[in-house]
1. Only one residue in 27, 18 is among the hydrophobic types (A, V, I, L, M, F, W, C), at pLDDT below 85 and surrounded by 15 or more Cβ atoms within 10 Å (Cβ to Cβ), so which one is that?
2. Under the condition of being of a type in the set (Phe, Trp, Tyr) and modelled with pLDDT of 90 or more, which residue from region 31-57 is surrounded by the most Cβ atoms within 10 Å (Cβ to Cβ)?
3. Identify the single condition in (1) closer than 30 Å to residue 195 by Cα; (2) hydrophobic (A, V, I, L, M, F, W, C); (3) touching a helix residue (DSSP H, G or I) at 6+ places or on another chain (Cβ under 9 Å) that residue 89 does not satisfy, given that it satisfies every other one.
4. Quick one: residue 107 ticks every box in (1) surrounded by fewer than 15 Cβ atoms within 10 Å (Cβ to Cβ); (2) over 30 Å from residue 239 (Cβ atoms) except a single one, so which number is it?
5. Filter region 106-133 down to residues that are over 26 Å from the mean Cα position of the chain (by Cα) and of a type in the set (A, V, I, L, M), then give me how many there are.
Amino acid sequence: MKRHFVHIILSVVLLFFAFDLHSQEGAKERGNLPNYYSQRLNFGFTLGINRTNFMVQPSNHLERFDSIKTIESKPKLGFNLGIVSELRLHRYVTLRFVPNLSFAERNLEYYFEGHDTLVRTKSIESTFINFPLDLKLRSARVKNFAAYVLAGGGYSLDLASKRKTKNGSDPNEQIVKLQRDDYSYEVGAGAEFFLEYFKFAIECKLTMGTKNLLIKDNTIYSDSVDKLNSKIFLISLTFEG
């Protein structure tokens, strides 16, 4: 499903670049959407691909936990869907609010010492509702192109959190439980392309969680870790009128 989603995103990018080249033929002098920067409010939607990971801080006494040698986080790909709203504060400064739904997954891999290294993987899936608020600084337009940087923070709610699930005694069935809420800060940059009827943008953003998400549950998988913080890299496409 995720591979098909990537193909759709790439097809959309190629389509709109082709549409942009066609629309510029009739607007070489003045450019498309000449009054866009004068609008007080702008709205649109966004599609994105995320790479979600953990920043792991293992316990300082791993040898106490059934010979765990090390713990690593392995990121996986997911996708985002959201609504874009921007409030113009200045010609080149906007306040940007992009509530979005995010489907994410990442693995925690536990390496145990022995004659042959044993690896146990705990997969963690999340469905986030994100509420990021960013300050966006954009450049002057060069015909139908502009660039921007942004920074801000946000709040996330994990709808798939299993924080209340009870772990049994079987290590193979035990899960790593996470807090439902998280707070984060983020930075990003993007490029905007003004088409005939709307603005298309490509954006890259890094989000760092500030809250320790781990719930200690008296299992070797939770007690062998001191902290888990989220780390998300997002590439998104936005379409705004």
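1. Working: 18 fails: surrounded by 15 or more Cβ atoms within 10 Å (Cβ to Cβ).
Just a single option satisfies the conditions, and that option is 27.
2. Initial filter on region 31-57 (of a type in the set (Phe, Trp, Tyr)): 36-37, 43, 45, 54.
If we keep only those that are modelled with pLDDT of 90 or more as well, we get 43, 45, 54.
Numbers: 43: 10, 45: 15, 54: 25.
So the residue we want is 54.
3. Exception for residue 89: condition (3).
4. Failed condition: (1).
5. The qualifying residues number 2.
The values are calculated or read from the model by the stated rules, or taken from the named source; none is laboratory data. The structure presented is a predicted model; accordingly, all values stated were derived computationally and were not measured. Ideal geometry is used to build each Cβ from the backbone, glycine not excepted, and the neighbour counts take in all protein chains shown.
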